[in-house]
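The values are calculated or read from the model by the stated rules, or taken from the named source; none is laboratory data. If you're wondering where the values come from, they're calculated on a predicted model, not measured in any experiment. Here the Cβ is made from the backbone with ideal geometry for all residues, glycine too, and neighbour counts use every protein chain on show. Please note that ligands, DNA and RNA were not included when accessible areas were found on the heavy atoms of the full protein model with its side chains. Shrake-Rupley method; radii C 1.70, N 1.55, O 1.52, S 1.80 Å.
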Amino acid sequence: MGERDYPMKMKIGGIDRRSIGLLTTFPAVCHRQVKVKPSSLRVLLKPYDYYDCLNQSAAMKSPLEESDVGISCYISPLPGFRGILKQRYSDFVVNEVDLNGNVIHLTSLEAPTEVKQTAEEHQLNGNHDDEIESFRALAGDSDANSLKEFIDKATATSDGATSILLSSTSDKLHRTAMHNFFKEKLNFLVTDTVDGPEPSSKCIRVRLNSGASSKKRKGRGDNTPYYDSRGSDHWPDHLGKFLRFHLCKENKDTQEALGLIGKMLGIQPRSFGFSGTKDKRAVTTQQVTVFKQRANRLASLNSRLIGIKVGDFCYVNEGLVLGQLHGNRFTITLRGVVADSEDTVKAAADALGKHGFINYFGMQRFGTGSVPTHLIGAKLLRGEWKEAVSMILDPRDGEKDDIRRIREYYKESEDIDGTLRQLPRFLVAEKAILQCLKKSPGNYLQAMKAVPRTLRMMYVHSYQSYLWNHAASMRVQKYGTEQVVLGDLVYCNEESCNEVVDSEFEALGCNDSSEINHLDEVDARASEGNCTSVKVVNSEDLASGRYTYTDVVLPLPGSRVIYPQNDIEQCYQDLANKDGVSLTESMHNVKEFSLTSMTGAYRRVFGKAKDFEWELIKYKDVSIPLTRTDLDIVTKANKTQNEEAVLQGEQLALKLSFTLAASCYATMAIRELLKTSTSVAFHKALNQ
């Protein structure tokens, strides 16, 4: 390991705590020997010494740095360059990609014309020949003919068969496609899955949607599906009970935007469903569902909404839940590009498209404040309830003065009522904790449980991400980025492999604006690719060459994961041990704050952007948008911007477009390109 000069400030045995994080840029980060200059002192660091310094520096520094959370390596050896991220909101555009691979855009603000008819009238008057032929291509002649006969009988008489069973199949993906077909094309029919003639087979049952008369709670031993009976009893039978629409917003996070819409409609936020939270400092478009609301009511809000538009309305039978997305399409413009030459920028962009990036959890995962969420997670895993509560409530560096004063007031006075009166609504965790402590003084565990589940689990998930990032850096530094090595974990489809768990970790994501204001991605329940299992790479696998570096995964700790059978496993153990956290034993009896009660998950070490495109743009006015967003298009804004003024400018921008899986962070792809920090503070400084 080579020598490097470091500024010496706070010293521990001659080593600066604040500079320890920089050591992660070295290829042998966990090796025993570290040389420190300017002194000639040679210091031996054990792995746990390194991690201890990392932890303590993370707790003391403001703001959090990438090296504090294990983000330290790159794939490409090419030099980076200067570029400003998010100089304008339109420089960061996110369009959700649904499960069918469709990129979601806002194209119309108009509500559809609604024909007032019953389900029976819809059946009698409708012509479904096109839908039947589409179904024939999906299901085959036998099922298509049965469906046509069933519809014909239902329209001809009211006393015909009430349901039919389609051909049995054990292919779950095919059954899912069939269910989706009826929801989209023939929504006056409802489907459910029942047992088939063979033990492992299932059949799809098709029935008329009889609306209110079908609202029945599913009981034990009853195969009748449950139809939600909430809401108005007068909802038309021919309409799906959820209104799906496209939400386009600027400089607002998802929950803030839906909160405003809900307030205008007079409904609770829980009435909305969405697949993932989107970045605040951006222009984003995503699908949303709302329970039993008319399209014309939402469309009428567009004239009153600022920075928000809704449109592309349709009625569906099911609401969206977190994780129901394939990924996100990003259009990112880096302004103020400064490099040795344009060739440097072109080479870096080409390398990102070809080789990808290290699939780190981004800085958003660990919070934007001076108290990292993973350190709170470690407190919870150790059962230190009071200390965890204090970390959430105590004054923080870098916060606005009014928020800091409120925190200081509580710390000095312990006046719960007075503090609650001052706390803003977005400090969700703080309000929940104080309200609980008011009722149950000194019960800090109960106070943590009062925090909304998605938010309180974010702290533990953040610690899992912290371990994963460090393990990924160790994997890259020790074994490189071009090959699979003995003992690696890889995705595979062989019967001998370990089954991949469908983790609660991936389903919950991080979506609380009080801790994470800049989410450009959300962890998803959706599987990465079609792989269903993992295995440990052996010598036969290496000889066969059947796996590549893109197949390598690392675990997020939990009870149902396995670890690599090489040096990387020790990285998990060393860091967790130094934090006083056990990966294999529960340290208290509170299951939700114990790694042994969580299933865990796997995550690819290397990420790859799909449909990657880039272009260099010359401009001279930072106020001129370089991307037309969905908001611009539907509101006819920026349509006649002076393109010559843009193209003839002296400043350089790099515009990138690419699609990432739902669990990948776009900021980590940008980091690979620039070779600089992706922290908010860093890019704010560049912008200034």
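When you count the other C-beta atoms within 10 angstrom of each residue and take the mean per peptide, 602-612, 661-671 line up highest first as 661-671, 602-612.
Note on surface exposure: 252, 278, 411 rank 411, 252, 278 by accessible area, highest first, 1.4 Å probe.
When a/c reaches 1.5 or more, the comparison of a/b and b/c decides; with that in mind, is segment 550-589 rounded, prolate or oblate per its Cα gyration tensor? Oblate, since a/c reaches 1.5 and b/c is not below a/b. Close amide-amide hydrogen proximity is noted between residue 237 and 119, each under 5 Å apart and 5 or more residues distant or on a separate chain (H modeled in the peptide plane; Pro and chain starts excluded). Once you have a ≥ b ≥ c as the square roots of the Cα gyration tensor eigenvalues for segment 367-459, tell me rounded if a/c is under 1.5, and otherwise prolate or oblate according to whether a/b is larger than b/c. Oblate, because a/c is 1.5 or more while a/b does not exceed b/c.
The amide H of residue 553, built 1.01 Å from its N in the peptide plane, has 489, 490, 491, 605 as neighbours under 5 Å, considering only residues 5 or more places off or on other chains. Going by accessible surface with a 1.4 Å probe and the largest first, 318, 408 read 318, 408. In sequence order, segment 474-479 has phi-based couplings of 4, 4, 5, 5, 8, 10 Hz under the Karplus curve 6.51 cos²θ - 1.76 cosθ + 1.60, θ = phi - 60°, and Gly or Pro positions carry x.
Each peptide among 102-112, 79-89, 236-246, 179-189 gets the average number of other Cβ atoms lying within 10 Å of its residues, and from highest to lowest they stand as 236-246, 79-89, 179-189, 102-112.
In this simple spin-label approximation, residue 172 and residue 597 carry label points 7 Å from Cα along the Cα→Cβ vector, and these lie 2.6 nm apart. Distance between the modelled labels on residue 321 and residue 200, one decimal in nanometres: 2.6 nm (7 Å Cα→Cβ projection). When peptides 135-143, 564-572, 192-200 are ranked by their average number of other Cβ atoms within 10 Å per residue, the highest-first order is 564-572, 135-143, 192-200.
Based on the Kirkwood approach, the hydrodynamic radius assigned to segment 282-399 is 20.2 Å, with every pair of different Cα atoms included. For residue 533, nonlocal amide neighbours, meaning residues 5 or more places apart or on other chains whose placed amide H falls under 5 Å from its own, are 492, 500.
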